[in-house]
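Okay, so here's the structure we're looking at.
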Amino acid sequence: YRPAMRRPDIDAMTGRHVMWDGEGDVTVGVPTSGGENVRVPVIRGIVRCVDDPDRILLQRRAGPQETVRGKVEIPGGRWRAAESPGDAIEREVREETGVELVAIHGVRLDVLDSRRTIASVEPLVVVAGVSGAFPAIHVVLIADGRGTPRDQPGETLDARWWRRSEILSAIEVDPSGFIPSTLAALSAYEAWLAGSR
């Protein structure tokens, strides 16, 4: 653990955040609450192929204005208010790749009464960029999916099932080809696999 250095050019009260896009600093808009910049809740999945758990669903970002355009990532996105963790990851994976989830691990819903339901999540890992990163908190779940991945024009490219050996080789050759939060999630998944055997 190393303490993070606070960058002097980030003002936590503006609705703007300075991040590194691989070539230079860019300013991006972020949500605010009570006058303070807040982290964006994101839900992501290590989605394993139900027919071959050694294959994992990955895609590349395709949005024309995205600072991470062309980089490899696990599927996921913003976690909407009033959405359960399972509903959020199912929606994001389906929207981005067309793959249907058949199991989501580590999620429990408790109905307290007719007006309140609470979600408990035991994620694989929680990833939060500090300096130079978009201020998102990524809750990463393990899920199993089925189907033929398809690209979503303007959002995702090259959505497909990757073999773990292919992923590890690609990371070794060029880790900068992956979104940093995805690198952290894949590393956590490999550690989880090693510990569960």
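The values are calculated or read from the model by the stated rules, or taken from the named source; none is laboratory data. Note that this is a predicted model, so its numbers are computed, not measured. With ideal geometry, Cβ positions are generated from the backbone for all residues, glycine too; neighbour counts draw on all protein chains shown. Remember, those area values only see protein heavy atoms, side chains included, never the ligands or the DNA or RNA. Shrake-Rupley method; radii C 1.70, N 1.55, O 1.52, S 1.80 Å.
Some points to look at:
- Relative contact order, percent, the chain [alpha-carbon distance under 8 Å, six or more residues apart]: 25
- Of GLY29, GLY63, GLY98, the one that fluctuates the most in a GNM where the chain has Cα springs shorter than 10 Å: GLY29
- Which of VAL127, ILE142, THR117, positive extreme of dipole for region 106-161 (C-beta unit charges): THR117
- Surface composition of region 85-197: carbon and sulfur make up 53 percent of the accessible area, probe 1.4 Å.
- If you run the Gaussian network model on the chain, springs between alpha carbon atoms under 10 Å, then out of ALA62, ALA128, ALA170 the most flexible one is ALA170.
- Remark: the chain carries a charge dipole of roughly 280 debye about the Cα centre, counting +1 on each Lys and Arg Cβ and -1 on each Asp and Glu Cβ.
- Region 93-153, relative contact order [Cα under 8 Å, separation at least 6], %: 44
- Accessible solvent surface per residue of the chain, calculated while the other protein chains remain in place, 1.4 angstrom probe, Å²: 56
- Here the sum of -39500 (n - 2.57) over DSSP H runs of 4 or more residues, divided by the residues of the chain, equals -6500 deg cm²/dmol at 222 nm, to the nearest 500.
- For THR148, the solvent-accessible surface computed with a 1.4 Å probe is close to 120 Å², ligands and nucleic acids excluded.
- The relative contact order of region 96-197 comes to 29 percent, based on Cα pairs under 8 Å that sit 6 or more residues apart.
- Peptides ranked, highest mean first, by Cβ atoms within 10 Å: ranges 110-117, 159-166, 78-85: 159-166, 78-85, 110-117
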